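Structure first, commentary second.
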Amino acid sequence: MTKRHVTLPGGAEAGVRAFIEDVDERLRGDDESTCEVVEDVLVDLHGDRDAYERWQNDADVSPAERVRLQGYDPCNTTLESEYYAEKDEETFETSKHLQWLWRQFDATPMADNVEFALRFRAMLADHLFEECGDGCRFFKGITFTYGHNITVGDNVVVHDDVHLDDRGKLTIGDRVSISDDAHIYSHDHDVVDQTAVENYHTIIEDDARITYDTMVRAGCKIGENAVVGAKAAVSSDVPAHHVAVGSPAKSVKVKPGWESVAEPLEDANVNRQAERRIEYELDDDVDVFDEFRRDLTPPGDR
């Protein structure tokens, strides 16, 4: 679908540009910690400066106000991925703060101002991701595991409510389109003991399209110029230029015009997950726990 250019009125454009440039400069500088920048920006984005100043000056605030005001500081928050034992603690500390800013920005009315929000998230992605190319568009409600294990190429579009799991590693090529509600994973659980996690490198190559409500399993590769149909569940590689649909997803045709360079349908959809496994070891001093406390002994061995 052909798009048209849309611009903000002059005054609004100047305000948006000044705000994004200011946050970008502060995140790149050494005068403030990332945590301090995030807290200060969120206080203003949520219009809570007066209450925040009262609290900082030891004025009375209600318990609900205190919790709300404390929550602008990402150091006072927890994310689900914080509990993952194998993560790089030092790298995660910064990415957690940036994730918190991304998520809490999405909770403001400004997140629905598309021209503003796309540019703000693209700026944050440049700080959060391992790499992020030019011209990327990130819509509302996108979530990550960490963020710092994601590499994104140029002119990528990620639509609403997409989950990009980078517990392992996620590489997204140039001009990739990921539609609403897609979930792309880079970790998997053992079928018997779900607390046993294996991490993988998941790859989406240039010009691929991941359409609505698709699930891509950890360690899969979606080939160049391939299309994954709506609501598909990908559990093996999709070759370049193929169209794959269904659950589990299977190649059903080659995109018209690409037949001479595409892999034959009968040779498609090989599971190469094992080749993309990422090994890790837990530090001896990590305090781990099993939240389920299940007895995994087979009935015959009890």
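Protection proxy ranking, highest mean first, for peptides 223-235, 36-48, 108-120: 223-235, 36-48, 108-120, where packing is the per-residue count of other beta-carbon atoms within 10 Å, averaged.
The residues of region 1-45 expose on average 69 square angstrom of accessible surface per residue, using a 1.4 Å probe on protein heavy atoms. Checking the cross-link pairs 87/169; 140/250; 3/253 against a 22 Å limit on the alpha carbon distance flags 140/250; 3/253 as lying beyond it. Highest mean packing comes first when the peptides 245-254, 273-282 are listed by Cβ atoms within 10 Å, giving 245-254, 273-282. Here's the list of lysines a cross-link from residue 255 could span, going by alpha-carbon distance under 18 Å and ignoring same-chain residues fewer than 8 apart: 221.
For region 203-266, report the accessible area per residue in Å² (1.4 Å probe, heavy atoms, rounded to an integer). Each step should come with its number before you reach the end.
On the way: 2830 Å² over 64 residues.
Accessible area per residue: 44 Å².
Distance from the C-alpha centroid of region 87-161 to that of region 17-56: 17 Å, rounded to the whole angstrom.
Average the reciprocal distances over every distinct pair of alpha-carbons in region 9-132, invert the result, and give the Kirkwood radius in Å. Display every interim value, and only then the final one.
Numbers: mean 1/r = 0.0638 Å⁻¹.
For region 9-132, the Kirkwood estimate is 15.7 Å.
More than 25 Å apart: what percent of Cα pairs in region 134-267 qualify?
Values: 1895 of 8911 pairs.
Here the tail beyond 25 Å accounts for 21 percent of pairs.
A cut-off under 15 angstrom between Cβ atoms defines the neighbours of residue 174, and their net charge, with Lys, Arg +1 and Asp, Glu -1, is -4.
Just want to confirm a number: the relative contact order over the chain, from Cα pairs under 8 angstrom separated by 6+ residues, in percent. Answer for the chain is 9 percent.
Ligands, DNA and RNA left out, the 1.4 Å accessible surface of the chain is 46% carbon and sulfur atoms. Distance between the modelled labels on residue 70 and residue 110, one decimal in nanometres: 2.6 nm (7 Å Cα→Cβ projection). In the calculated pair distance distribution of the chain, what percentage of Cα-Cα distances lie above 34 Å? Of the Cα pairs, 32 percent sit more than 34 Å apart. For region 172-196, the residues whose backbone nitrogen is under 16 Å from a point 7 Å from the Cα of residue 292, taken along Cα to Cβ, are 188-196. Across region 214-302, the relative contact order, built from alpha-carbon pairs under 8 Å that are at least six residues apart, equals 22 percent.
The values are calculated or read from the model by the stated rules, or taken from the named source; none is laboratory data. What you see is a predicted model, and the numbers here were worked out from it, not measured in a lab. All Cβ positions, glycine included, derive from the backbone under ideal geometry; neighbour counts span all protein chains shown. SASA here: full protein model, heavy atoms, side chains in, ligands and nucleic acids out. Shrake-Rupley method; radii C 1.70, N 1.55, O 1.52, S 1.80 Å.
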